[in-house]
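First up is the structure itself, then whatever we jot down about it.
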Amino acid sequence: MENSSPSSTSQGSQTLFPPANGFSAGRALITFAALLLAVLIGNVAPSIQWVLAHMTDRYTLQHPPAGIALGVLAGTDVAAIICLVALLPWAAGTSFAGLGFRAPSARTVGIAVIGALAMVILTDGLESLLQTALHIKVSEQAVTLFLSMKTPATKALFALLGIVVAAIAEEMAFRVLLFNAIRRYARFWIAALASSILFGLVHATPGVPLLQNFILALPLAVGGVILCAVYAKTENAYTPMITHGLFNAVSFVALLFAPQLGK
């Protein structure tokens, strides 16, 4: 479903898609609350299941395999996707096509690739600049986990989750839900900044100093703004997923051939 109004594709428009009354505050909040619950269940369910299966093996309980972390990551992202697939059309008051779930054109794919290049340059560049200026070396939790994995199979599975599943889940949550919901009541930049700050904060590492989390969150918030711009420019929900996936793919390739970058 395409917008016919010339102003509907501008970044200053109030909504990305018809109808104009999509994402009422009540429906958006209910959907967001359901998303949080789904993520919580998806996060703890694999761990609980594994603990129950090994309750009599104390050594195994104290030395969980890397597959548990993969299960938690997969469970979280899959639970988020299922929840959003079920509730997004209701929350938005429109179809998936109205939210931009349409086959991308060559033009929109090109914009997605440019967005990924911008993310690599700005996000990674800003993180390196902050670490150099503040003399602090910090790694995202996912990077540390990836480097701790011993077998090519687990690394390949982790990369697949990050490039495909996580990119889909996070774009549905932060761009299709949050960005659109805020954009219903605010202009592009307010919606992009608000949703992107949240995007950066969820990648913070628990238990580390605030300054280190700032170094992690700020560059990713900048990346989130780029993803919002890709979504708004193309009015296609798949393009920020492509951008996000390509950015993650570049990161995994870099860590595979130069693991010292993540240490």
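Read-outs: derived from the displayed coordinates by stated rules, not from any lab. From a predicted model like this one, the values you see are computed outputs, not experimental measurements. Ideal geometry is used to build each Cβ from the backbone, glycine not excepted, and the neighbour counts take in all protein chains shown.
Below is a table of values for the structure above.
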| read-out | value |
| --- | --- |
| Calculated FRET efficiency for the pair R107/A45, C-beta based, R₀ 51 Å, to 0.05 | 0.80 |
| For the stretch 169-182, Karplus couplings with θ = phi - 60° (6.51, -1.76, 1.60), whole Hz, Gly/Pro x | 4, 6, 6, 5, 6, 8, 9, 5, 8, 5, 4, 5, 5, 6 |
| C-alpha center-to-center spacing [the stretch 99-133, the stretch 196-263] in angstrom | 9 |
| Net lengthening on full extension, F214/S24 (0.36 nm per residue, minus Cα-Cα) | 65.2 nm |
| Per-residue Cβ neighbour rank within 10 angstrom, fewest leading, W189, W90 | W90, W189 |
| The stretch 18-262, relative contact order [Cα under 8 Å, separation at least 6], % | 27 |
| Net length gained if the chain between I68 and L145 were fully extended (0.36 nm per residue, minus Cα distance) | 26.6 nm |
| Within-14-Å neighbourhood charge of L84 [Cβ basis; K, R +1; D, E -1] | -1 |
| Net charge over other residues, Cβ less than 15 angstrom from the Cβ of N43 (K, R count +1; D, E count -1) | -2 |
| Around V176: net Lys/Arg minus Asp/Glu count, Cβ-Cβ under 12 Å | -1 |
